[in-house]
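What follows is a short report on a single structure.
The values are calculated or read from the model by the stated rules, or taken from the named source; none is laboratory data. The model shown is predicted, which means the values in this text are computed figures rather than measured ones. Methodologically, a virtual Cβ is constructed for each residue, glycine included, from the backbone with ideal geometry; neighbour enumeration extends over all protein chains shown. All accessible areas refer to the heavy atoms of the entire protein, side chains included, with ligands and DNA or RNA removed. Shrake-Rupley method; radii C 1.70, N 1.55, O 1.52, S 1.80 Å.
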Amino acid sequence: MEVIGIEDGYHGVIHNRYRKLEFDDVSGILTLGGTILGTSKTANPYRYAVKKGKKLEFKDMSATAVENINKLDIDCLVCIGGDGTLNIAHHLFKDGILIVGVPKTIDNDLRGTDITFGFDSAVYIATWGIDRIHSTAQSHHRVMIVEVMGHNAGWIALHSGIAGGGDIILMPEIPYDAEIISEKVRERSRKGKRFSIVVVAEGAKPKGGDIVIQRIVKESSDPIRLGGIGFVLGEQIEKMTGIETRTVVMGHLQRGGTPTPFDRVLATRLGSKAVDMVASKKCGYMVGVKGDSLAEVPLEEVAKGPRTVPLGHPLIEDARGLGTCFGD
Ligand code: F6P
């Protein structure tokens with residue numbers, strides 16, 4: 001097989017930026033985070049942002065994208081990414097491009113797969129952060145809030161919260177009540193635990209309230225960047241409990257550095273299966289993980305929207321059984 005690497009995701013497709021990839025280009029990248037080809041969170045061929053002076057206009061560049069891909073005379077376009085990337089991939093497939101999808105996002109919020117690669121590494125870093133926060137929380141008798149990523153899904157908060165021994169875990173799927181959180185903190189104090197660790201997903205919101213937006217990226221087809229809920233909540237808890245409360249935002253630390261062994265193995269399995277699918281011309285599918293096996297999942301299924309944490313998820317029940325508060 002000959003492999004062509006497209007630079008900066010769909011930007012490269014629209015602007016014809018690509019290079020041939022040889023064995024030497026990929027040899028040794030197993031231990032790296034990020035991507036050697038670059039990526040883009042703003043380039044959607046169906047809604048491509050173009051600056052006209054100070055104004056931003058959106059153009060449908062999909063015909064150019066399809067033409068450029070066809071000119072490359074490739075047998076298959078392998079799209080690696082999260083829900084944004086694979087949604088666009090589904091549209092391109094409907095427009096006649098042969099596509100195989102590979103699930104990669106720290107958020108773990110893709111339909112059609114139990115897990116995405118990147119998630120385990122993000123959970124590892126978030127847990128690492130929570131572990132270190134314990135020292136200050138315990139020594140200084142504080143409430144420490146750790147805000148983690150995950151977009152509109154609570155997978156990272158749930159897993160790192162349990163792994164890091166969070167006393168309170170807040171996720172977008174379970175709107176919280178600040179009074180219930182404060183009561184949990186007070187109850188711990190009464191029992192002699194003079195500190196509490198709160199793990200909050202960036203997309204968490206109070207009952208009847210809204211998410212906290214950090215910035216709007218106008219060029220992006222999903223323009224909302226979340227962040228800051230930890231600070232809002234911190235002020236509330238401090239006021240309600242009288243206990244000093246501090247917030248740490250894990251942010252992009254979760255998306256960087258060397259991947260965990262689990263993610264390296266998962267990426268290898270998914271990549272290998274994707275190559276088999278290309279060879280057998282099984283296009284219009286994403287390779288997904290179902291239990292111990294790999295599955296071919298129609299892109300149509302993947303494009304149905306993000307996969308959030310189901311309310312009856314066994315991990316939530318297990319954590320509740322151990323006394324973890326979910327703010328509800
Ligand atoms: O989708 C991955 C992710 O890291 C989300 O968890 C987060 O909401 C978002 O991307 C952050 O995006 P950016 O790097 O543009 O701030």
Quiz item: Out of all the residues in segment 194-248, which are open to solvent by 70 Å² or more (accessible area, probe 1.4 Å), under 30 Å from L86 (Cα atoms), modelled with pLDDT of 95 or more and touching a strand residue (DSSP E or B) at 6+ places or on another chain (Cβ under 8 Å)?
Solution: I213, Q214, R215, I216
Quiz item: Can you tell me which of L266, L294, L253 is touching a residue at least 12 places away in the same chain (Cβ under 8 Å) and either touching a Leu at 6+ places or on another chain (Cβ under 8 Å) or of a type in the set (D, E) (or both)?
Solution: L294
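When residues of segment 291-310 are filtered for being under 19 Å from the mean Cα position of the chain (by Cα) and over 17 Å from D107 (Cα atoms), how many remain?
Pass one, segment 291-310, residues under 19 Å from the mean Cα position of the chain (by Cα): 299, 301-310.
From what is left, the residues that are over 17 Å from D107 (Cα atoms) are 299, 301.
The qualifying residues number 2.
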Exercise. Taking the residues in segment 20-48 that are part of a strand (DSSP E or B) and over 14 Å from G9 (Cβ atoms) as candidates, determine which candidate is most open to solvent (accessible area, probe 1.4 Å).
Key: K20
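Looking only at helices (runs of 4 or more DSSP H) that lie completely in segment 211-328, which have at least 1 residues being more than 23 Å from I169 (Cβ to Cβ), out of contact with any Pro (no Cβ under 6 Å at 6 or more places or on another chain) and more than 16 Å from the ligand (Cβ to nearest atom)? Spell out how you get there, then give the answer.
Values: elements: 229-241, 261-279, 299-302, 314-321.
So the answer is 261-279, 299-302.
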Quiz item: What do you reckon, is D120 in a loop (DSSP other than H, G, I, E, B) and in contact with a Phe, Trp or Tyr (Cβ under 9 Å, 6 or more places away or on another chain)?
Solution: no
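Scan segment 83-106 residue by residue and report those that are in contact (Cβ under 8 Å) with a residue 40 or more places away in the chain and part of a helix (DSSP H, G or I). Even if it seems obvious, please write down each step before you answer.
Here is the first cut: in segment 83-106, the ones in contact (Cβ under 8 Å) with a residue 40 or more places away in the chain are 83-93, 98-104, 106.
Scanning segment 83-106 gives D83, G84, T85, L86, N87, I88, A89, H90, H91, L92, F93.
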Quiz item: If you go through segment 175-188, how many residues are surrounded by 17 or more Cβ atoms within 10 Å (Cβ to Cβ) and in a helix (DSSP H, G or I)?
Solution: 6
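Does I80 qualify as being within 15 Å of the ligand (Cβ to nearest atom) and assigned to a strand (DSSP E or B)?
Numbers: within 15 Å of the ligand (Cβ to nearest atom): yes; assigned to a strand (DSSP E or B): yes.
So I80 passes the test.
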Quiz item: What are the pairs, 6+ residues apart or on separate chains, where a residue within segment 32-60 that is small (G, A, S) has its Cβ under 7 Å from a residue that is surrounded by 12 or more Cβ atoms within 10 Å (Cβ to Cβ) and assigned to a strand (DSSP E or B)?
Solution: A49/F58
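Looking only at segment 52-75, decide whether some residue is aromatic (F, W, Y), surrounded by 12 or more Cβ atoms within 10 Å (Cβ to Cβ) and within 28 Å of G112 (Cβ to Cβ).
Residues of segment 52-75 that are aromatic (F, W, Y), as a first pass: 58.
Pick out the ones that are also surrounded by 12 or more Cβ atoms within 10 Å (Cβ to Cβ) and you get 58.
Next cut, within 28 Å of G112 (Cβ to Cβ) only: none.
Within segment 52-75, not a single residue is aromatic (F, W, Y), surrounded by 12 or more Cβ atoms within 10 Å (Cβ to Cβ) and within 28 Å of G112 (Cβ to Cβ).
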Practice problem: Take V265 and decide whether it is buried (at least 16 other Cβ atoms within 10 Å of the Cβ) and either among the hydroxyl-bearing types (S, T, Y) or under 21 Å from the mean Cα position of the chain (by Cα) (or both). | Solution: no
Quiz item: Restricting attention to segment 319-327, does a residue exist that is more than 21 Å from the chain's Cα centre (by Cα) and hydroxyl-bearing (S, T, Y)?
Solution: yes
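Given the criteria in contact (Cβ under 8 Å) with a residue 12 or more places away in the chain and away from the ligand (no atom under 13 Å from the Cβ), does A137 qualify? If you could, list the steps in order and put the result at the bottom.
Details: in contact (Cβ under 8 Å) with a residue 12 or more places away in the chain: yes; away from the ligand (no atom under 13 Å from the Cβ): yes.
For A137, the condition - in contact (Cβ under 8 Å) with a residue 12 or more places away in the chain and away from the ligand (no atom under 13 Å from the Cβ) - is met.
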Quiz prompt | Lone unmet requirement of (1) open to solvent by less than 30 Å² (accessible area, probe 1.4 Å); (2) free of Cβ contacts under 8 Å to residues at least 12 places away in the same chain; (3) not aliphatic (A, V, I, L, M) for G288 | solution = (2)
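Would you pick out the residues in segment 180-230 that are polar (S, T, N, Q) and touching a residue at least 40 places away in the same chain (Cβ under 8 Å)? First the steps, then the outcome.
Initial filter on segment 180-230 (polar (S, T, N, Q)): 182, 189, 196, 214, 220-221.
Of everything in segment 180-230, those that are polar (S, T, N, Q) and touching a residue at least 40 places away in the same chain (Cβ under 8 Å) turn out to be S182, S189, S196, S220, S221.
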Quiz item: Within the set of pairs 6 or more residues apart or between chains, which connect a residue that is in contact (Cβ under 8 Å) with a residue 60 or more places away in the chain inside segment 306-328 to a residue that is open to solvent by 70 Å² or more (accessible area, probe 1.4 Å) with Cβ atoms less than 6 Å apart?
Solution: R307/R111
